[in-house]
Amino acid sequence: MSDFFKGLNTVQFEGPNSDNPLAFRHYNPEEIVLGKRMDEHLRFAIAYWHSFAWEGGDPFGGRTFARPWFDGEMDAAKLKADVAFELFSLLGAPYFCFHDADVRPEGESFVESKKRLEALADIFEAKIAETGVKLLWGTANLFSNRRFMGGAATNPDPDVFAYAAATIKANMDVTHRLGGENYVLWGGREGYETLLNTNLGQEMDQMARMLSMVVEYKHKIGFPGTILIEPKPQEPTKHQYDYDVSTVYGFLKKYGLENDVKVNIEVGHAILAGHTFEHEVAMAAAHGIFGSIDMNRNDMQSGWDTDQFPNNVPEVALAYYHILKAGGFTTGGTNFDAKLRRQSIDPVDLLHGHIGGMDTCARGLKAAAAIIEDGTYDAFLEERYAGWNAAEAKAMLNGERKLEDIAARVEAENINPQPKSGRQEYLENLINRFV
């Protein structure tokens, strides 16, 4: 054990009346919600990058956090691993997630970086066995190093493409070895800053080839997890090819990958794309590609991805409603892709941030379950579309009627439909009863 969290105890559930800032007021992992334990519904994961690799900088100032592992090589990486698993255990979080660059220092060569990653995997393997904390997903950082400034899979230099492919393979091997339940690809530089130097068709073909190789390798090594793409419209690039869920689905469909890849949806990325979080979740479920979520929030007064811990129960509740209606998580979960504010410099702040986020998600989950159990909202939706259950409506929808057949019936039966209220205000009031 390190002394980083010295004096702090494991966070316990104390109920909504507790005034203990280091206790859960709503997240009770053992509570049964819709016939399943709350922790099995939520499947919380802690993000290695924001909690342990981020230094508290912004575009106008550098490091504000004083972490003992920031300046050093492998010894510092080992200390960081000790502290990370201490936080996972203090919070009772069942999962964690990481990029390769989060856990090991960059080597002088690809081979050295790979060896360092494998050495950390040895440590993780022992800690997983000791604590029971599992790996929700692994991924490769293909955006921070300057070699990726023009993209990774979409880079105009084929050597960068090859380097990215080797990096992905190394991280898939480690993820598989550690029992990871998913593997994520986020295309932070897979886009363009200007069309003046970009061949869109070429770059998208390259990205599809890389993804196809990832799917092929998953099956070759027997990786049982899910391959996930994380949509984001911009930042750092001006335009990213995985803009939102629908864009990703269109890309997967074009290249015949829609049955092999799902999406990891982040709240902040949905907002940057001009959508609500529940929209992206519902769209993924409708396309059959829902996989996992990154939970956070944006500052509505800032035009970038601020990655704050969630505190908006109504927003979270509606997202979990669509997740529950889609059957819940399978291999996915709720990963806190959230970071402390740069003035929150104390170790205990890491606990406060995650406790608040976990309580918010628990409240959202219970509200979503209550909406479903009540049944009024689902009954409204069913009634609104009930007309499509009629025989003639089904015939139109399944292709038994041509355009001219439908037009002839409209004339023959003098069909003259009258508008019906969508009752939005009633529905908003209804949902507010639960959140």
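Take the residues of region 385-430 that are in contact with a Phe, Trp or Tyr (Cβ under 8 Å, 6 or more places away or on another chain) and open to solvent by 100 Å² or more (accessible area, probe 1.4 Å): which is farthest from Glu373 (Cα to Cα)?
Keep residues of region 385-430 that are in contact with a Phe, Trp or Tyr (Cβ under 8 Å, 6 or more places away or on another chain), which gives 394, 397, 423, 427, 430.
Filter once more, so that each one left must be open to solvent by 100 Å² or more (accessible area, probe 1.4 Å): 394, 397, 423.
Details: Lys394: 29, Leu397: 30, Arg423: 21 Å.
Among residues in region 385-430 that are in contact with a Phe, Trp or Tyr (Cβ under 8 Å, 6 or more places away or on another chain) and open to solvent by 100 Å² or more (accessible area, probe 1.4 Å), the one farthest from Glu373 (Cα to Cα) is Leu397.
Among the candidates Val245, Val215, the residue that is under 22 Å from Val174 (Cα atoms), open to solvent by less than 50 Å² (accessible area, probe 1.4 Å) and out of contact with any Phe, Trp or Tyr (no Cβ under 8 Å at 6 or more places or on another chain) is uniquely Val215.
Show me the strands (runs of 3 or more DSSP E) entirely contained within region 205-300 in which 2 or more residues are farther than 30 Å from Pro156 by Cα, within 17 Å of the chain's Cα centre (by Cα) and of a type in the set (D, E, K, R). So that I can check it myself, show each step before the final result.
Numbers: elements: 226-229, 261-266, 290-295.
Correct list: empty, since no element meets the threshold.
Is it the case, given these coordinates, that Asn9 is open to solvent by 80 Å² or more (accessible area, probe 1.4 Å), over 27 Å from Leu135 (Cβ atoms), more than 25 Å from the chain's Cα centre (by Cα) and not hydrophobic (A, V, I, L, M, F, W, C)? Walk me through how you get there before you give the answer.
Details: open to solvent by 80 Å² or more (accessible area, probe 1.4 Å): yes; over 27 Å from Leu135 (Cβ atoms): no; more than 25 Å from the chain's Cα centre (by Cα): yes; not hydrophobic (A, V, I, L, M, F, W, C): yes.
It is false that Asn9 is open to solvent by 80 Å² or more (accessible area, probe 1.4 Å), over 27 Å from Leu135 (Cβ atoms), more than 25 Å from the chain's Cα centre (by Cα) and not hydrophobic (A, V, I, L, M, F, W, C).
Taken over region 132-144, the residue count meeting the criterion of being among the polar types (S, T, N, Q) and either in contact with a His (Cβ under 7 Å, 6 or more places away or on another chain) or open to solvent by less than 50 Å² (accessible area, probe 1.4 Å) (or both) is 2.
Determine whether Glu266 is over 23 Å from Phe98 (Cα atoms), surrounded by 17 or more Cβ atoms within 10 Å (Cβ to Cβ) and of a type in the set (Asp, Glu). Walk me through it before giving the result.
On the way: over 23 Å from Phe98 (Cα atoms): no; surrounded by 17 or more Cβ atoms within 10 Å (Cβ to Cβ): yes; of a type in the set (Asp, Glu): yes.
Considered against the rule, which asks whether it is over 23 Å from Phe98 (Cα atoms), surrounded by 17 or more Cβ atoms within 10 Å (Cβ to Cβ) and of a type in the set (Asp, Glu), Glu266 comes out as no.
Quick one: which residue in Leu79, Leu34, Leu42 is hydrophobic (A, V, I, L, M, F, W, C) and over 30 Å from Arg363 (Cβ atoms)?
Details: Leu34 fails: over 30 Å from Arg363 (Cβ atoms); Leu42 fails: over 30 Å from Arg363 (Cβ atoms).
Testing whether each residue is hydrophobic (A, V, I, L, M, F, W, C) and over 30 Å from Arg363 (Cβ atoms) leaves just Leu79.
Listed by first and then second residue, the pairs with beta-carbon distance under 6 Å, at least 6 apart or on different chains, first residue in region 131-144 and of a type in the set (Ser, Thr, Tyr), second in a strand (DSSP E or B), are Thr139/His99; Thr139/Val184. For region 1-54, what are the residues that are among the hydrophobic types (A, V, I, L, M, F, W, C), at pLDDT 95 or above and assigned to a loop (DSSP other than H, G, I, E, B)? Within region 1-54, Phe4, Phe5, Leu8, Val11, Leu22, Leu34, Trp54 meet the criteria.
Residue under question is Thr154, and the condition is that it be crowded, with 21+ Cβ neighbours inside 10 Å, under 20 Å from Val103 (Cβ atoms), at pLDDT 95 or above and of a type in the set (Ser, Thr, Tyr); does it hold? Answer is no for this residue. Restricting Arg43, Arg63, Arg116 to residues that are open to solvent by 70 Å² or more (accessible area, probe 1.4 Å) and not β-branched (Val, Ile, Thr) narrows the list to Arg63. In this structure, Gly357 qualifies as within 26 Å of Glu278 (Cα to Cα), in contact with a Pro (Cβ under 6 Å, 6 or more places away or on another chain) and in a helix (DSSP H, G or I). Whenever a residue of region 196-214 is of a type in the set (Val, Ile, Thr), its partners that are assigned to a helix (DSSP H, G or I) and surrounded by 13 or more Cβ atoms within 10 Å (Cβ to Cβ), lying with C-beta atoms within less than 9 angstrom and at least six residues away or across chains, give the pairs Val214/Ala165; Val214/Ile168; Val214/Lys169; Val214/Met172.
Considering only region 68-85, I want to know if a residue exists there that is among the aliphatic types (A, V, I, L, M), assigned to a helix (DSSP H, G or I) and in contact with a His (Cβ under 6 Å, 6 or more places away or on another chain). Outline the logic, then answer.
Going through region 68-85, the residues among the aliphatic types (A, V, I, L, M) turn out to be 74, 76-77, 79, 81, 83-84.
Going one step further and asking which of them are assigned to a helix (DSSP H, G or I), we end up with 74, 76-77, 79, 81, 83-84.
The next check asks that each one be in contact with a His (Cβ under 6 Å, 6 or more places away or on another chain); those that pass are none.
No; the residues of region 68-85 include none that is among the aliphatic types (A, V, I, L, M), assigned to a helix (DSSP H, G or I) and in contact with a His (Cβ under 6 Å, 6 or more places away or on another chain).
Being within 23 Å of Phe5 (Cα to Cα) and in a helix (DSSP H, G or I) is the filter; apply it to region 87-113 and report the residue that is most open to solvent (accessible area, probe 1.4 Å). So the residue we want is Ser89. Among the residues making up region 66-86, a single one is open to solvent by 60 Å² or more (accessible area, probe 1.4 Å) and of a type in the set (Gly, Ala, Ser): Ala66. Go through region 281-324 and give me each residue that's in contact with a Pro (Cβ under 9 Å, 6 or more places away or on another chain), closer than 19 Å to Ser344 by Cα and open to solvent by less than 20 Å² (accessible area, probe 1.4 Å). Across region 281-324, the qualifying residue is only Asn296.
Looking only at residues of region 170-204 that are of a type in the set (D, E, K, R) and either part of a helix (DSSP H, G or I) or over 20 Å from Gln240 (Cβ atoms) (or both), we find that the one that is most open to solvent (accessible area, probe 1.4 Å) is Arg177.
Tallying residues that are within 19 Å of Pro314 (Cα to Cα) and open to solvent by 100 Å² or more (accessible area, probe 1.4 Å) within region 374-384 yields 0.
The values are calculated or read from the model by the stated rules, or taken from the named source; none is laboratory data. If you're wondering where the values come from, they're calculated on a predicted model, not measured in any experiment. Glycine gets a Cβ as well: all are built from the backbone with ideal geometry, and neighbour counts include every protein chain shown. With ligands, DNA and RNA removed, areas are computed over all heavy atoms of the protein, side chains included. Shrake-Rupley method; radii C 1.70, N 1.55, O 1.52, S 1.80 Å.
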